[in-house]
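Some notes on the structure that comes next.
The values are calculated or read from the model by the stated rules, or taken from the named source; none is laboratory data. The model shown is predicted, which means the values in this text are computed figures rather than measured ones. Note: ideal-geometry Cβ built from the backbone for every residue, glycine included; neighbour counts use all protein chains shown. To get the accessible areas, we keep the full protein, side chains included, count just its heavy atoms, and leave off ligands, DNA and RNA. Shrake-Rupley method; radii C 1.70, N 1.55, O 1.52, S 1.80 Å.
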Amino acid sequence: MTTLAIMKARIADELGQRSDLTSQIAYAISDAIAAYQAERFHFTETRSISFPTVADQEFYDADDAAGIANIWTIRLVTLTVGDNITSLGYMDPADMEVLSASGTNTGQPMWYTWESNQIRLYPTPSEAWTVRVSCSASVAAPATDSEAANPWMTEAERLIRSRAKLELAVHVVRDQELAASMGEAVAEAFRQLKDKTTKRLAAPGGRVKAMEF
């Protein structure tokens with residue numbers, strides 16, 4: 001099981017036991033993770049974001065569910081009313097702005113939109129129901145050197161380690177040969193992780209499920 005501490009030690013070893021690059025290696029790993037935060041990988045998929053609607057409230061953000069701040073792309077939004085779960089349709093933000101202009105349309109939501117890190121519902125909810133969001137969301141970097149099972153250190157280990165060495169080659173050690181070889185390693189690791197994501201997220205029959213934007 002790879003941790004941040006193990007990755008740091010391995011990078012230092014692969015660079016020829018460079019014990020003088022402690023802080024630089026840490027920064028390079030952070031930069032590598034940041035570079036892929038917006039990418040869709042199988043480990044960024046989640047359906048754990050949910051929140052209750054509030055009567056006469058149409059906008060919902062991180063104050064209503066902390067996970068909303070981490071959303072990149074939404075696949076599905078559902079509304080639970082009693083024992084019934086319904087899928088909300090996606091509406092373009094401009095179209096919803098026009099429909100919501102009067103501010104008088106309330107009831108059970110049928111559509112949602114996603115803009116400025118907010119989920120907007122239409123019609124505006126008239127009472128409390130549960131909304132659940134299935135989406136691709138950013139995954140935090142390890143909080144400590146010893147944190148276990150962080151996907152950037154496990155599922156994406158080779159990609160992050162290679163990208164970190166590329167960052168170091170370009171910005172710290174100024175090694176063009178290393179930068180070239182790490183560029184190739186990054187491209188290969190990225191392609192492999194994307195291929196793995198495609199296989200993991202493929203719908204029955206081998207077709208990849210579409211994402212809504």
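Note on SER19 and ALA148: their simple-model spin labels are 2.9 nm apart, each label 7 Å out from Cα toward Cβ. If I take every Cα pair under 8 Å that is 6 or more residues apart in the chain, average their sequence separation and divide by the length, what percent do I get for the relative contact order? Across the chain, relative contact order equals 30 percent.
Using a probe of 1.4 angstrom and keeping all protein chains present, the accessible surface of the range 58-213 works out to 54 square angstrom per residue.
With the convex hull drawn over the C-alpha atoms of the range 1-98, the volume per residue is 168 Å³. Computed over neighbours whose Cβ is under 12 Å from that of PRO125, the net charge equals -3, Lys and Arg +1, Asp and Glu -1. Principal axis extents of the C-alpha atoms in the range 130-192 (largest first, rounded to whole Å): 54, 27, 18.
Relative to 2.2 N^0.38 Å, what does the C-alpha radius of gyration of the range 32-176 come to as a ratio? Two decimals please. That ratio works out to 1.33.
Can you compute the FRET efficiency between LEU201 and ALA55 using 1/(1 + (r/R0)^6), with r the Cβ-Cβ distance and R0 = 30 Å? Round to the nearest 0.05. Result of the calculation: an efficiency of 0.25. Fully extending the segment from ALA94 to VAL170, taken as 0.36 nm per residue of separation minus the present Cα-Cα distance, adds 23.1 nm.
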